[in-house]
Ligand code: TXA
Ligand code: MG
């Protein structure tokens, strides 16, 4: 990544156009967060409903006061400890923050990404960058630049190269009820780590209360085009046995050994890592690969149901959700 690439991207941002940049979680589709027309371009490119808020990326925690007000002490503590890093804080917006960014809400999501290219872009631009993941609405997030190129080509503006993402899953989102932190979206920063640091259990979202619900959280999201199922090892084994007779081509993500499951080792079967953070890093890349690879169905062995796997299980649950009418 040369400084002239960064300069060109900054020029795009100043002109109200979009750019794609790497972060430690996933690639982002960015625009000037202070420019409502630029922000509109993001929604148009993604095909994203306008009421779905965007995260504002800033260079350092010292910029927090430019975007948010009435900031809880707990939020400062978290920012100090985990920024730069894969944590988004949802705070009351300052009135200067365009409603286009917040999806019409009185709160704004903010984070400081931990990636040298993102940092350099933010520093040279000198303002906040609104950025969702650089994929079409509802689809898989990109964890490498070619995932973005395959979908947008040149339509999204310059794509800054940053290699494969370190975490491969989106940031953890934390909101607040007074001082009490709420886990709005499990993500790259695991909730046990946050809870140990804070010494309290994070509240969980309540769909009945708009102040602590994640917008659009009931939707299918992070979906490959190929139908996907998550199932226990035993069921997976019998499905693979049955497939031999039906002749469907299955893509498999296994935690048990492929041989035990009766899956053939090959292009469409992945032996996934047993550690949740390693699994998360490889998940979207594996799904992108299978989605391009002409399999009829993707079968995924269910990971353990505990807090360390919370982000992975959340994404898998959404990936197999089929919206009404398919
Ligand atoms: O890791 C990430 O967070 C990546 C990288 C690019 O930073 N970004 C990302 O953005 O995942 P996106 O737009 O795909 O997901 C952001 C989610 C929104 O869907 C929304 O649920 C939540 O963040 N969000 C943003 N602002 C919010 C707000 N004011 N209140 C509640 N939720 C908010
Ligand atoms: Mg997204």
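The values are calculated or read from the model by the stated rules, or taken from the named source; none is laboratory data. These figures come from a predicted structure and were not determined experimentally. We place every Cβ from the backbone using ideal geometry, glycine too, and count neighbours over all the protein chains shown.
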TODO: Within segment 119-126, identify whether any single residue is near ligand 1 (Cβ under 10 Å from one of its atoms), within 19 Å of the chain's Cα centre (by Cα) and at negative phi, and answer yes or no.
DONE: no
TODO: Would you please list the contacts, defined by Cβ atoms under 8 Å and residues six or more apart or on different chains, that run from a residue in segment 169-180 that is closer than 12 Å to residue 70 by Cα to a residue that is modelled with pLDDT of 95 or more and within 16 Å of ligand 2 (Cβ to nearest atom)?
DONE: 176/90
Open item on the list: Testing residue 323 on (1) crowded, with 18+ Cβ neighbours inside 10 Å; (2) modelled with pLDDT under 95; (3) more than 19 Å from the chain's Cα centre (by Cα); (4) under 26 Å from residue 184 (Cα atoms), one condition comes back false. Which one is that?
Closed with: (1)
Task: Qualifying positions in segment 23-76 - under 18 Å from residue 89 (Cβ atoms), in contact with a helix residue (DSSP H, G or I) (Cβ under 7 Å, 6 or more places away or on another chain) and within 12 Å of ligand 1 (Cβ to nearest atom) - done: 23, 33, 53, 54, 56, 57, 58
Task: Search result, residues across segment 4-37 that are touching a residue at least 60 places away in the same chain (Cβ under 8 Å) and assigned to a helix (DSSP H, G or I) - done: 5, 6, 7, 8, 9, 10, 12, 13, 14, 36
TODO: Take the residues in segment 173-185 that are within 14 Å of ligand 2 (Cβ to nearest atom) and in contact with a helix residue (DSSP H, G or I) (Cβ under 9 Å, 6 or more places away or on another chain), then tell me which one is farthest from residue 280 (Cα to Cα).
DONE: 184
TODO: For residues that are crowded, with 22+ Cβ neighbours inside 10 Å and more than 9 Å from ligand 2 (Cβ to nearest atom), tally how many sit in segment 128-139.
DONE: 4
- [ ] For residues that are in contact with a helix residue (DSSP H, G or I) (Cβ under 6 Å, 6 or more places away or on another chain) and over 14 Å from residue 30 (Cβ atoms), scanning just segment 142-166, find the one that is surrounded by the fewest Cβ atoms within 10 Å (Cβ to Cβ).
- [x] 161
Task: In segment 43-75, the residues that are surrounded by 16 or more Cβ atoms within 10 Å (Cβ to Cβ), assigned to a strand (DSSP E or B) and away from ligand 2 (no atom under 16 Å from the Cβ) - done: 68
Open item on the list: I'm trying to understand the selection: among the residues of segment 102-113, which are more than 8 Å from ligand 1 (Cβ to nearest atom) and buried (at least 19 other Cβ atoms within 10 Å of the Cβ)?
Closed with: 110, 112
